[in-house]
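Heads up: the structure comes next, in structure tokens.
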Protein chains: 2
Amino acid sequence: MRSDDTANGTAEYRDSSGRTLADYPRPSVAVDTALLTVLPGEDHLSALEVLRPEPTGWALPGTFLHEGERLIDAVRRSLRDKAGVEGMSPRQLHVFDDPKRDSRGWVVSVAHVDVVEADKLEQRLAGRTRLVPVDQPGRLPYGHEQIIGRAVADVRNRYAIAPDPDRLLDEPFTILELRKLHESVAGRALQRDTFRRLMEPQLAGSGRTTSGTRGRPAELFRHRSAPIA
Amino acid sequence: MRSDDTANGTAEYRDSSGRTLADYPRPSVAVDTALLTVLPGEDHLSALEVLRPEPTGWALPGTFLHEGERLIDAVRRSLRDKAGVEGMSPRQLHVFDDPKRDSRGWVVSVAHVDVVEADKLEQRLAGRTRLVPVDQPGRLPYGHEQIIGRAVADVRNRYAIAPDPDRLLDEPFTILELRKLHESVAGRALQRDTFRRLMEPQLAGSGRTTSGTRGRPAELFRHRSAPIA
DNA sequence: TAAATAGTGTCTCTCAGACACTATGTC
DNA sequence: GACATAGTGTCTGAGAGACACTATTTA
């Protein structure tokens, strides 16, 4: 969506000591991702954690940026390799840059967030991954709790104003199904009528309704347009 | 305010090819900063630009991250060295990561924003810096227009809800002075009575008033607490 | 008919925008 | 007193929360 660029100087760049770009030590650049979902039958957000070699233990999935690679591609690669998850639109959250935060050396990490349908997490590596409620993430290394906190806040902000921006629901869906999802994301109950009045104008009615259920059939809706990003 | 941390693996980390951390090529990490201000007698935001060696021309101030350095310290160093400005609280905006965006090589840049009192820019290097209105930044390299755009949006969001969060105004100040500042930031006129009703509860009245002015003297206010960050 | 769920009318509260009024100083 | 600016009362419209009503289906 953007040409994504910014920088510094020219090909003849030298600093005040006459050193050129290649003379500087450079950090490793990592990505870490809070991959969130709502599990079937549960009413809260869960985060994917992966088991790293001792003594690290459970942590968020991450990887190092490869040469010539975009951050978003490194995120997708780490999630594909470590959880078998594809088709995401991760967003940047924050850069964590404490030079002493990683015992292996100087690592700058760009935290990301994404939300995915629970069934896309079926194929994840058993025993080496787990899904934990975001409000009880366990003790995580490298400040990964902070990433989860920022991720949850980011997702809640997005879900507060628009219907299922990350497309967790299969279409078509009822307003009830949509509201249950939003309540799981928000971590609290939402007003039934207020929720409908906020969301329905942002949806496309299908004219069709559910059938065979208790009570009055509910109209089925679809999203109006493609997801924003 | 936070311990700022996150990462990846352990000291014995090896990837699937058995390579260790030091075997990977690493990008240079840069910071670029949109340093904004409101110039005396003007009613809009301006951005600081610095002249870089040919063929780059005017661009935002930036530098490379030094070994063991925090991003915020690199930002402060670049602004001190290139504009003589100190005492800022830069915030991260976005990471620009296109591998081809810099002709010198592989550079990942973390964009920052900060706002500073105009008189702190007095001592900047004449001839090698300039202040330009944010809506006419000129043609900048490396997508620096995008940084300015994000920076302006960020600052406007902050100023929409709180009185002078970046402390551009000297205390004490009148509501009129505060409103003129906010109008310059917002780029549009603000309602006089609505503005007062939003901001006054967030300020500490001093009891004292202006004197010697035309019209009824205005009460002088101070901020209630220290800036948030 | 009873129960259950969908959908809507409407009251209230809050808040922004707008207008106009009152208050208090200088010229 | 005229004028200018500070500060406030109040009306209106939009929107969220809350409650209750109507609508439509199954058991």
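Things to note:
- In the protein assembly as shown, the DSSP beta bridges split such that about 75 percent are antiparallel, to the nearest 5.
- Here the dipole of the range A:23-159 is about 160 debye; that uses its Cα centre as origin and unit charges on the Cβ of Lys and Arg (positive) and Asp and Glu (negative).
- Normalised contact order of the range B:83-202, rounded percent, pairs of Cα under 8 Å and 6 or more residues apart: 22 percent
- Three-way shape label, chain B, alpha-carbon gyration tensor, a/c 1.5: prolate
- Relative to the longest principal axis of the Cα atoms of chain B, the long axis of helix B:144-161 makes an angle of roughly 40 degrees.
- Peptide ranges B:127-140, B:72-85, A:26-39 listed from the most packed, as the mean C-beta count within 10 angstrom indicates: A:26-39, B:72-85, B:127-140
- Taking all Cα pairs closer than 8 Å and separated by 6 or more residues, the relative contact order of the range A:23-159 comes to 32 percent.
- Lysine pair count for the protein assembly as shown with Cα-Cα distance under 21 Å and sequence separation of 8 or more or different chains is 4.
- Take each residue in A:144-155, count the other chain C-beta atoms within 10 Å of its C-beta, and the mean is 1.
- For A:ASP102, the residues 5 or more places off, or on other chains, whose built amide H falls under 5 Å of its own are A:VAL107.
- Per-residue HN-Hα couplings for the range B:86-97 [Karplus 6.51, -1.76, 1.60; θ = phi - 60°; Hz; x = Gly/Pro]: 9, x, 10, 10, x, 10, 6, 10, 5, 9, 9, 9
- Think of the protein assembly as shown as a dipole: +1 on every Lys or Arg Cβ, -1 on every Asp or Glu Cβ, centred on the Cα centre; then among B:VAL85, B:THR174, A:LEU60, B:THR174 lies furthest on the positive end.
- Summary for A:GLY212: label point 7 Å along Cα→Cβ; distances to the equivalent points in the other copies, ascending, 8.5 nm.
- Nearest-ten-degree value, helix A:71-83 long axis tilted from longest Cα axis of chain A: 70 degrees
- Centroid-to-centroid separation of the range B:35-63 and the range A:129-170 [C-alpha atoms, Å]: 37 Å
- Hz values of 3J(HN,Hα) by residue in the range A:189-205 - Karplus curve (6.51, -1.76, 1.60), Gly and Pro given as x: 6, 10, 4, 4, 6, 4, 4, 4, 5, 6, 8, 4, x, 9, 10, 9, x
- Per residue of peptide B:106-112, the mean number of Cβ atoms on other chains within 10 Å of the residue Cβ is 5.
- Using alpha-carbon coordinates, inclination of helix B:175-186 to the longest axis of chain B, degrees: 40 degrees
- Per-pair calculated FRET efficiency, R0 = 35 Å: A:LEU176 and A:LEU51 via Cβ, rounded to 0.05: 0.40
- Chain B residue nearest the rotation axis toward A, with distance: B:ARG26, 2 (Cβ to axis, whole Å).
- Summary for B:ARG77: label point 7 Å along Cα→Cβ; distances to the equivalent points in the other copies, ascending, 2.8 nm.
- Cα centre as origin, Lys/Arg/Asp/Glu Cβ charges: the range B:110-170 dipole, Debye: 280 debye
- Backbone amide hydrogens, once placed in the peptide plane, bring A:LEU220 within less than 5 Å of A:SER206, A:GLY207, A:ARG208, A:THR209, A:THR210, excluding anything fewer than 5 places away on its chain.
- Qualifying trypsin sites (Lys or Arg not before Pro) in the range B:158-205, DSSP loop, other Cβ atoms within 10 Å at most 12: B:ARG188
- For GluC sites (Glu not before Pro), the sites in the range B:87-169 that DSSP calls loop and that have at most 12 other Cβ atoms within 10 Å are B:GLU122.
- Placing unit charges on the Cβ atoms only, positive for Lys and Arg and negative for Asp and Glu, gives the protein assembly as shown a dipole magnitude near 920 debye about its Cα centre.
- Anisotropy class of the range A:23-159 from Cα gyration tensor, a/c 1.5 cut: prolate
- Calculated mean residue ellipticity, 222 nm, chain B: -7000 deg cm²/dmol, from DSSP H runs (n ≥ 4) at -39500 (n - 2.57) each, averaged per residue and rounded to 500.
- Three-way shape call for the range B:123-229 based on the alpha-carbon gyration tensor, with the a/c threshold at 1.5: prolate
- Peptide A:24-36 shows a mean partner chain C-beta count of 5 within 10 Å per residue C-beta.
- Label point of B:GLY41 (7 Å along Cα→beta-carbon): distances to the other copies' equivalent points are 7.3 nm, sorted ascending.
Laboratory data are not the source of any read-out in this text; all were calculated from the coordinates shown. As the structure is a computational prediction, the values presented were derived from the model and not from experiment. FYI the Cβ positions are ideal-geometry reconstructions off the backbone, even for glycines, and counts take in every protein chain you see.
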